[in-house]
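What follows is calculated from the coordinates using simple rules that are stated; it is not laboratory data. Not measured: the values here are computed from a predicted model. Glycine also receives a Cβ, built like all others from the backbone with ideal geometry; neighbour counts cover every protein chain displayed.
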Amino acid sequence: MYQSAAIIGTIDETDPDKVVIQVLKLTGERVIPELMKPTNGLLLEHLARYYFATPYVSGRVLDIACGVGYGAHMMAKMCKKEATEIVAVDCDRDTIAYANKTYNHPLVQYRLEDALDPDLPKKLGQFDTIVSFETIEHLRDDRLFMNSLYEMLRPGGILVLSTPFGQGRGKPCSEPFHVHQFTQEEFAGLFHAFSEVELYYQRGVTIEPPRRDVKYYLGVAVCKK
């Protein structure tokens, strides 16, 4: 029987004798592997994207909007020889607390940060690899976000980014947590500043170049600065 919420207790930083209780609920958007069946389609699709990204992981790595940390932990374990440090950031305090407790790893540093903070590049520095999965559709200023990602990549660095397709920038979509969902053309246009761009498409757990007469709901870009 799978639960619908994860409950963790952490020590209050201002009062060591006080325990703070945090509750993370399954919302249909957040992936919490401990609360999901191994055959859950959403979980499998998210894991597939991290598996897809592992050959591109090297040096200093940023996982932006890392959620509960399962992906950063996966990269740390699978790429321990290639990665020197993984910085995993999310804007939700309880989620970061859960990540620190559940997916702690010597290579991973979890940080509470806002993806649209204009000072983020100054705070975090530069990276050899950046992964951003299912993030940009939640943000009102996608151009600021893309500019920050570009600035945070070192020359020759690799960005792996995914997002679902929809009706287009500024148009309503059926997902309550998404600001909008890009068309395939808008998605391709996000990466004009990069020197090399490879576009892939996801269908279930399969991530591949586009095939004729196959409908895809999500795009994955691999970009080199």
| note | Placing each pseudo-label 7 Å from Cα in the direction of the beta carbon, SER174 and MET78 end up separated by a distance in nanometres of 3.0
| said: Taking the Cα of ARG93, stepping 7 Å toward and past its beta carbon, and measuring to each backbone N in region 47-76: which are under 20 Å? | reply: 65-69
| query | Each label point is 7 Å from the Cα along the Cα-to-Cβ direction; what then is the distance between the points at GLU208 and SER195, in nm? | reply | 3.2
| request: Rank ARG143, ARG212, ARG203 by mean-square fluctuation in a GNM of the chain with C-alpha springs under 10 angstrom and give only the top-ranked residue. | output: ARG212
| When DSSP beta bridges are limited to those with both residues in region 38-224, what percentage is antiparallel, rounded to the nearest 5? | 45
| task | Before anything else, pin down the relative contact order of the chain: Cα pairs under 8 Å, at least 6 apart, normalised by residue count, whole percent. | result | 15
| message | Quick check: pseudo-label points 7 Å beyond the Cα along Cα→Cβ at LEU42 and GLN126, how many nm apart are they? | response | 3.8
| said: Can you give me the convex hull volume of the Cα atoms of the chain, divided per residue and expressed in Å³? | reply: 135
| remark: Over 23 Å (Cα to Cα) among LYS122/LYS171; LYS77/LYS122; LYS101/LYS225; LYS122/LYS225; LYS37/LYS171; LYS77/LYS101 -> LYS122/LYS171; LYS77/LYS122; LYS101/LYS225; LYS37/LYS171
| message | For the chain, what does the helix formula give at 222 nm: sum of -39500 (n - 2.57) over DSSP H segments with n ≥ 4, over the residue count, nearest 500 deg cm²/dmol? | response | -7000 deg cm²/dmol
| request: Evaluate the relative contact order of region 20-146 (contact order divided by residue number), counting alpha-carbon pairs under 8 angstrom at least 6 apart; express in whole percent. | output: 26
| message | Counting other beta carbons within 10 Å of each residue's own, what order do TYR70, TYR150, TYR217 fall into, fewest first? | response | TYR217, TYR150, TYR70
